[in-house]
Amino acid sequence: MRILVIEDNQTTRQYLQKALKEQGYEIDLADNGQDGLFLALEGDYQLIVLDRMLPKLDGLTVLSTLRNAGKQTPVLILSALDSVSERVRGLREGGDDYLIKPFALSELLVRIEILIQRKGTHSEKLTSVLHVADLKMDLLSHKVFRGSTEISLLPKEFKLLRYLMEHSGQVVSRSLLFEAVWDYQFDPQTNVIDVHMARLRKKVEFDGLTPLLETVRGVGYRMVEQR
């Protein structure tokens, strides 16, 4: 899946590029509205992340031009302008969502996922049950099974396992896991991720069952269906 990020702030742009690549997305970047509009018109993207205040062409001009040209690619607006009138204006111009800066990465990722899923609901149905190998998670009842054995998880363990199952096969960094599950900025000195992963492994890989949780040294973790 390809996402176009149109953002003039270099730090934010690089942060988004890194975070979205870790989620498995292919990313194109533009640092001004003029280049961003060109890419948006010419490219085939599942989503556009669009900064509101841009050089050369502002975000709303880019957005209205896209819609007038018949491009219906979902657009998530990022803006420090947090008044109700500005949010309404952005949505009226054709924005699909509006996220105020500064934002939590976990919220941004969820909004992106929802917009992409919404676009493809005719072919991709949302499920309430996750499966990886013989591991099953029911999101409605909050029950987890390995084969026919139910596994008792604490709330954070459940969120951690859910995130890994939803991104099965992908390497997920420790910082991304931390922000997604604990919802605040990652501290490189903390070992909370390692402690929770050790506990989760003991619960999921009991009695010598096939390991599903893999440590990718120096990067993070990955849930695998087969070894």
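Taking interchain pairs and intrachain pairs at least six residues apart, which have beta carbon atoms under 6 angstrom, with the first residue in segment 210-227 and closer than 14 Å to Val172 by Cβ and modelled with pLDDT of 80 or more and the second polar (S, T, N, Q) and not in a strand (DSSP E or B)?
The qualifying pairs are Met223/Ser168.
Name the residue, out of Ser106, Ser83, that is over 30 Å from Tyr221 (Cα atoms) and surrounded by fewer than 20 Cβ atoms within 10 Å (Cβ to Cβ).
Ser83
Residue check, Ile27 against (1) closer than 26 Å to Ser83 by Cβ; (2) within 24 Å of the chain's Cα centre (by Cα); (3) of a type in the set (A, V, I, L, M, F, W, C), all met but one. Which one?
(1)
Residues that are surrounded by 11 or more Cβ atoms within 10 Å (Cβ to Cβ), out of contact with any Lys or Arg (no Cβ under 8 Å at 6 or more places or on another chain) and among the charged types (D, E, K, R): list the strands (runs of 3 or more DSSP E) wholly contained in segment 136-227 that include at least 1 such residues.
The qualifying strands (runs of 3 or more DSSP E) are 143-146, 220-223.
Out of Arg89, Arg13, Arg67, I need the residue that is surrounded by fewer than 16 Cβ atoms within 10 Å (Cβ to Cβ) and not hydrophobic (A, V, I, L, M, F, W, C). Which one?
Exactly one of Arg89, Arg13, Arg67 is surrounded by fewer than 16 Cβ atoms within 10 Å (Cβ to Cβ) and not hydrophobic (A, V, I, L, M, F, W, C), namely Arg67.
Exactly one condition in (1) among the charged types (D, E, K, R); (2) under 17 Å from Glu107 (Cα atoms); (3) in contact (Cβ under 8 Å) with a residue 24 or more places away in the chain is not met by Arg13; state its number.
Every condition holds for Arg13 apart from (3).
Within segment 143-177, take every residue that is more than 13 Å from the chain's Cα centre (by Cα) and aromatic (Phe, Trp, Tyr) and give me the one that is modelled with the lowest pLDDT.
Phe158
Would you tally the residues in segment 126-135 being part of a strand (DSSP E or B), out of contact with any helix residue (DSSP H, G or I) (no Cβ under 6 Å at 6 or more places or on another chain) and under 21 Å from Asp207 (Cα atoms)?
Residues meeting the conditions: 2.
I need every pair where a residue in segment 47-74 that is under 12 Å from Asp35 (Cα atoms) and of a type outside the set (Phe, Trp, Tyr) has its Cβ under 6 Å from the Cβ of a residue that is assigned to a loop (DSSP other than H, G, I, E, B) and open to solvent by 50 Å² or more (accessible area, probe 1.4 Å), sequence separation at least 6 or different chains.
From segment 47-74, the pairs are Leu54/Asp8; Pro55/Asp8.
Ala30 passes all but one of (1) closer than 19 Å to Asp96 by Cα; (2) surrounded by 18 or more Cβ atoms within 10 Å (Cβ to Cβ); which number fails?
Of the numbered conditions (1) closer than 19 Å to Asp96 by Cα; (2) surrounded by 18 or more Cβ atoms within 10 Å (Cβ to Cβ), the odd one out for Ala30 is (1).
Between residues in segment 90-109 that are without any contact (Cβ under 8 Å) to a residue 12 or more places away in the chain and under 10 Å from Ser79 (Cβ atoms) and residues that are open to solvent by less than 20 Å² (accessible area, probe 1.4 Å) and of a type in the set (Gly, Ala, Ser), which pairs lie under 8 Å by C-beta distance while being six or more apart or on different chains?
Between residues of segment 90-109 that are without any contact (Cβ under 8 Å) to a residue 12 or more places away in the chain and under 10 Å from Ser79 (Cβ atoms) and residues that are open to solvent by less than 20 Å² (accessible area, probe 1.4 Å) and of a type in the set (Gly, Ala, Ser), there is no close pair.
The values are calculated or read from the model by the stated rules, or taken from the named source; none is laboratory data. Everything quoted here is computed from the prediction, not taken from an experiment. Neighbour counts are summed over all protein chains in view; Cβ atoms, including those assigned to glycine, are modelled from backbone coordinates with ideal geometry. Areas reflect the complete protein model, heavy atoms only, side chains present, ligands, DNA and RNA absent. Shrake-Rupley method; radii C 1.70, N 1.55, O 1.52, S 1.80 Å.
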